[in-house]
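Report on the structure given below.
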Amino acid sequence: MSVLPYKISVLIFVRDEAGRHLLIRRRKQPNIGLWSPVGGKLEMATGESPHECAVRELKEETGLEAGISELHLFGMIAEKSYEGGAHWLMFLYDCRKRIGVLPVEIDEGQFGFFTREEVELLPLPATDRTALWEVYDKHRHGFVVMRADCDPSEPLKVEIEELIAK
């Protein structure tokens with residue numbers, strides 16, 4: 001078994017006033033060419049917390065200024081051997097503040113608003129399609145901890161380790 005780096009990131013589910021989801025079509029790895037909620041890696045050298053990272057990434061990528069109290073941490077997922085290149089620990093947030101306009105395109109990718117039904121028709125990362133959107137739909141008011149074995153040579157396997165329903 002090879003040793004891979006471990007990366008820590010946030011993923012933020014943001015909606016507009018009509019309830020449509022804001023997604024970015026990524027033009028960088030990971031998930032190049034796929035649609036995903038906004039997010040990014042923690043600045044670990046500065047001791048940034050996941051909440052601080054979510055606030056920063058929202059502002060940097062979308063221009064939306066949301067306070068820590070406007071974010072709800074609804075889950076965590078540990079993705080082992082994601083795309084065969086790294087292990088990821090991802091904190092999942094629901095942004096309670098709505099975004100008013102579609103953000104301008106950035107170097108990370110282009111944005112779009114999509115209904116929940118339209119999201120299902122988009123090219124999505126495998127773990128997003130298999131686990132994250134279902135968890136968001138069912139448990140965004142509670143809290144869930146998951147692990148995923150993402151080794152590209154094996155079928156994707158996602159397990160819930162803890163669930164606090166609300």
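Results, tabulated for the structure shown:
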read-out: Of all accessible heavy-atom area on the chain, the percent that carbon and sulfur account for (1.4 Å); value: 54 percent
read-out: Proportion of all alpha-carbon pairs of the stretch 1-131 beyond 17 Å (%); value: 58 percent
read-out: Beta bridges per DSSP with both ends in the chain, % antiparallel, nearest 5; value: 65 percent
read-out: Interchain or long-range residues, amide H under 5 Å from residue 8's placed H; value: 42, 89
read-out: Residue 143 accessible area, 1.4 Å probe, all protein chains in place, Å² to nearest 10; value: 50 Å²
read-out: Whole-Hz ³J(HN,Hα) from phi, Karplus 6.51 cos²θ - 1.76 cosθ + 1.60, for the stretch 152-166, glycine and proline x; value: x, 8, 10, x, 4, 10, 10, 10, 8, 9, 8, 9, 10, 7, 9
read-out: Only Lys, Arg (+1) and Asp, Glu (-1) charged, at Cβ; the stretch 1-70 dipole about Cα centre in debye; value: 480 debye
read-out: Ranked order, 76, 90, 44 - accessible area, probe 1.4 Å, largest first; value: 44, 76, 90
read-out: On Cα atoms only, tilt of 50-62 relative to the major axis of the chain in degrees; value: 60 degrees
read-out: Rounded to the nearest 10 Å², the accessible area of residue 136 at probe 1.4 Å; value: 0 Å²
read-out: Electrostatic dipole magnitude of the chain [Cβ: Lys, Arg +1; Asp, Glu -1; Cα centre; debye, to 20]; value: 160 debye
read-out: Which of 117, 159 is most accessible, then next, and so on - probe 1.4 Å; value: 117, 159
read-out: Where 48, 17, 43 fall by accessible area, highest first, once all protein chains stay in place (1.4 Å); value: 17, 43, 48
read-out: The chain: relative contact order as a whole-number percent, Cα under 8 Å and 6+ apart; value: 27 percent
read-out: Residue-averaged [θ]222 nm for the chain, counting only DSSP H segments that reach four residues, each worth -39500 (n - 2.57); value: -4000 deg cm²/dmol
read-out: Sequence-distant residues sharing a close amide H with residue 34 (under 5 Å, placed H); value: 26
read-out: The stretch 29-105 versus the stretch 136-166: alpha-carbon centroid distance in Å; value: 17 Å
read-out: Heavy-atom surface of the stretch 39-134, accessible at 1.4 Å and reported per residue (Å²); value: 47 Å²
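The values are calculated or read from the model by the stated rules, or taken from the named source; none is laboratory data. Since the model is a prediction, treat every value here as computed from it, not as a measurement. So basically every Cβ, Gly included, is an ideal-geometry build from the backbone, and we count neighbours across all protein chains shown. Areas reflect the complete protein model, heavy atoms only, side chains present, ligands, DNA and RNA absent. Shrake-Rupley method; radii C 1.70, N 1.55, O 1.52, S 1.80 Å.
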